[in-house]
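Participant: Next up is a structure, given as structure tokens.
What follows draws every value from the coordinates through simple rules; no lab data is involved. Note that the structure is a prediction, hence the values are computed from the model and not measured. Cβ placement follows ideal geometry from the backbone for every residue including glycine, while neighbour counts extend to all protein chains displayed.
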Amino acid sequence: MPKPRERIVSTAMVLFHQQGYNNTGINQVIEEAKVSKASFYQHFRSKDELCIEFLNKRYDYWASELEKFTSEAKTVQEKILKSFDFLIDMNKREDFRGCSFLNILSEIPADKEEIHKVIRYHKNKLRECFSEDLQNDVISAHIYLLFESSILTSQLYRSNELIEKSKMIVQEILND
């Protein structure tokens, strides 16, 4: 059986992603992870600290999956277009759950500065990836915004239609 910290984190990975931050209580995490309250607080001082661990692990997982999905692209254009296909794939795998970062961002107040800082950090890493690949700040910002809005609107409408349209827009932008 995994150690208590691992059980807490893996339980939080599922619950925060599926239920969100506000709908996941410490007691539920403790119960489902099969740990004591003392054990939980030995590893995490607060729900916010656990949320930060979740966000860091979720980013690592998501970035790794994106990298695998786009790894066989032969050109930057193909890699960028495949990144939109990745969103479609994630929607199939995760039933249009959307972006864990944006979901949590919508749930937490502004005074949870540490969580906001972590969300911004990971979103900036994604922006930097587009920027490094495209070597054009305006085009990379445009494509990043299409990418982020595709995640959000596909979750809202439970449809990949706007991802497909964003991908066509990106193709036009990159062909110019």
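Participant: Taking the Cα atoms of the chain, report the difference between the largest and smallest coordinate on each principal axis, in whole Å and largest first.
Facilitator: In descending order, the Cα extents are 59, 30, 29 Å.
Participant: So which of K82/K117; K74/K167; K34/K112; K68/K117; K68/K123; K92/K125 end up more than 22 Å apart by C-alpha?
Facilitator: Checking Cα-Cα distances, K82/K117; K34/K112; K68/K117; K92/K125 exceed 22 Å.
Participant: Then there is this: Between K3 and Y121, what is the spin-label point distance in nm, taking each point 7 Å from the Cα along the Cα→C-beta axis?
Facilitator: Taking the simple label geometry, K3 and Y121 are separated by 2.1 nm.
Participant: Can you tell me the order of 76-85, 102-111 when each peptide is scored by its average per-residue count of other Cβ atoms within 10 angstrom, highest first?
Facilitator: 76-85, 102-111
Participant: Using r as the Cβ-Cβ distance of M13 and D95, and R0 as 22 Å, what FRET efficiency do you calculate, to the nearest 0.05?
Facilitator: It comes to 0.90.
Participant: Before anything else, pin down the relative contact order of the chain: Cα pairs under 8 Å, at least 6 apart, normalised by residue count, whole percent.
Facilitator: Computed over the chain, the figure is 22 percent.
Participant: With a point put 7 Å past each Cα toward its Cβ, work out how far I169 is from S71 in nm, to one decimal.
Facilitator: 3.1 nm
Participant: Toward the positive end of the charge dipole of the stretch 1-152, about the Cα centre and with charges on Cβ (Lys, Arg +1; Asp, Glu -1), which of H142, I104, I52 goes farthest?
Facilitator: Of H142, I104, I52, it is I52.
Participant: What's the percent breakdown of Cα-Cα distances in the stretch 1-44 across 5 Å bins, shortest bin first?
Facilitator: For the stretch 1-44, the binned pair fractions read 5, 27, 36, 21, 10, 1 percent.
Participant: Can you give the helix-only mean residue ellipticity at 222 nm for the chain, where every DSSP H stretch with n ≥ 4 adds -39500 (n - 2.57) and the sum goes over all residues, rounded to the nearest 500 deg cm²/dmol?
Facilitator: Mean residue ellipticity, 222 nm, calculated: -26000 deg cm²/dmol.
Participant: Let me ask something else about it. Do any trypsin sites (Lys or Arg not before Pro) in the stretch 1-62 lie in a loop, going by DSSP, with at most 10 other beta-carbon atoms within 10 Å of their beta carbon, and if so which?
Facilitator: R45
Participant: What is the sum of charges around K74, taking Lys and Arg as +1, Asp and Glu as -1, for the other residues whose C-beta is under 14 Å from the C-beta of K74?
Facilitator: Local charge sum for K74: -1.
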